[in-house]
1. May I ask you to list the lysines whose Cα is less than 16 Å away from that of Lys325, ignoring any residue fewer than eight positions away on the same chain?
2. 7 Å from Cα along Cα→Cβ at both Ser274 and Glu403: what's the point-to-point distance in nm?
3. From the residues Tyr441, Gly15, Thr300, which one has its Cα farthest along the dipole of the chain in the positive direction, the dipole being from +1 and -1 charges on Cβ of Lys/Arg and Asp/Glu about the Cα centre?
4. Under unit Cβ charges (Lys, Arg +1; Asp, Glu -1), what dipole magnitude, rounded to 20 debye, does the stretch 309-413 have relative to its Cα centre?
5. Which one, Ser217, Asn153, Phe199, projects farthest toward the positive side of the charge dipole computed for the stretch 123-246 from Cβ point charges (K/R +1, D/E -1)?
6. Going by the alpha-carbon gyration tensor, a ≥ b ≥ c the square roots of its eigenvalues, is the stretch 56-177 rounded (a/c under 1.5) or, if a/c is not under 1.5, prolate (a/b greater than b/c) versus oblate?
7. So what's the convex hull volume per residue for the Cα atoms of the stretch 311-386, in Å³?
8. Using only the Cα atoms of the stretch 347-494, build the gyration tensor, take square roots of its eigenvalues as a ≥ b ≥ c, and label the shape rounded, prolate or oblate: rounded if a/c is under 1.5, else prolate if a/b is larger than b/c, else oblate.
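The values are calculated or read from the model by the stated rules, or taken from the named source; none is laboratory data. Predicted model, so just to flag it, every value in this text is computed and none were measured. Cβ coordinates were reconstructed from backbone atoms using ideal geometry, including for glycine residues, and neighbour counts include every protein chain displayed. Heavy atoms of the whole protein, side chains included, go into the accessibility calculation; ligands, DNA and RNA do not. Shrake-Rupley method; radii C 1.70, N 1.55, O 1.52, S 1.80 Å.
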Amino acid sequence: MGTNRRDFIKYVVAGSIAAGCPVDLSLLAAETSPQPAVEGEDNRICHQVRDGKVFTLPPATAHHDIVIVGGGVSGLTAAYLTRHLNFLLLEKEPHWGGNAYLMEYDGNAFATGSAFLTKSEPAAFSFAKEIGLEPLPVHDRDATIIQGEWIPNTWTDGLDKLPYPATVREGFKKFKKEILAIDVAKRSKELDNIPFSSFMKGFPAEVKEWWDNYGPSNWGATSEQTAARLAIDELQDIGSDEIPDFYTWSGGLGAITKRLADLLQPNFADGMLSGATTVAVVPGKKEVQVTYMHGAELKTVTARAVVMATPKFITRRIVQGLPEKQSDAMHKIHYIPYPVVNLIFDKRVFNKSYDTWCPGNTFTDFIVADWVVRNQPGYQQKYNILTCYTPMKEDDRGYLLTEGSTRKIAVNVLRDFQKLFPGSNVDPIEVHIYRRGHPLYMSTPGLYTTIQPLVREPMDRVFFANTDSEGPESTTNKGILAARRAVKEAERRLAGRPMPQHAGAAG
């Protein structure tokens, strides 16, 4: 078989399938076997635990006011808010940022996850300004590419331009009209407990196809799995007469986590450990023991308080003594695998809209990486980097386990993109795929009103951050809100004041 020009495209696979190391505490019994080593992102320690290896819990070698587990936006925010204390921040990955992680190609930033925030999300918007980042306005509505046609402002005047029969276009308009008429505030609890698909009966199949593409990218779920409250609120936002107040930076919301790491590391480098996999959190009456693997060493430290800024599927496996009801609630949260593919072109391929939806393809939508700076005076676009969001079904997580199968996902994304619209059949100079196995929780019916209030309940000296503590949707704003709440609870406990019975109402 001969080679062709596409054989020379460089593919780069980054990220790891495991977001953490779920460990059964029963395996951490006293034993005299040698301490195992772990290297990079191969998750060897996690696999040894899975296979039944027993580890020795070493004695504590250091004491801290607070230990923060997880170095994503929630953990970094918690560290920033507790920098007046003796804190230790532990992160499994070799870098900081979690799902809001910025990468660069030849000095050009691009996102590997979280894309933008809104001015109506005050926690993230004001916090960005506090740490010295001025949010840049997107000033654009979502577009869609259907049958090769680019439809700007899809849910406003774009409905008249949909390349469908007139009856289907009218179905879209009627659906929007009915959804915009719903009083979400009045029916909030009811709407949170029923699926969005129940509002689609009698409407064209194309309506459901659009939302079954949109939902997984934003909140991890198709219309049958989505809490109606969330999707209705979303359509009322993107379908309104006002342009959504989206803000971001080149590289998406990874700019926030990069800024936090840059602010903290000069003065607190000794208290920030990347490549540190937490394997046990054991609460005691006066302190909490935290055991983690760093390099080739298994270490234990103690703390007066611990903030768990990790997804709940990890948290419930490493925190000892969780109340059964709280552990069960954590177990009910589902997460999807979610690789992100960046296509790096050395020529202009697409700059028409910031976020463009693509129903019926391997990826759901793509974003122009430098959208908010492309028109700044003196800026010249050297590379046109397009960030393709590629949420997957829960059962397909295994495709991210090997570099070969992960690379195939990137190949399929490029294949679909090159068939997307006239002029898209262009070869990139590089394709970067960042894989994550469990980054986005699914906003299912009942999650926000029933499950999340339980999972964030404080546990004496252990407090729960991370975006999946808040809801109803996984956002950077909610990750920051969760950190603020958890830190406030921890500081209250450190000051000896009793905790309220029900802390941290949903926001």
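1. Partners found: Lys312.
2. In this crude label model, Ser274 to Glu403 measures out at 1.9 nm.
3. The one lying farthest along the dipole's positive direction is Thr300.
4. Details: 14 positive and 10 negative charges, 28 e Å.
Once rounded to the nearest 20, the dipole reads 140 debye.
5. Positive-most Cα among the choices belongs to Phe199.
6. Working: a/c = 2.89, a/b = 2.67, b/c = 1.08.
Here the stretch 56-177 falls in the prolate category.
7. On the way: hull volume 12.1 nm³, N = 76.
Spelled out: Cα convex hull of the stretch 311-386, divided by residues, is 159 Å³.
8. Prolate, because a/c is 1.5 or more and a/b exceeds b/c.
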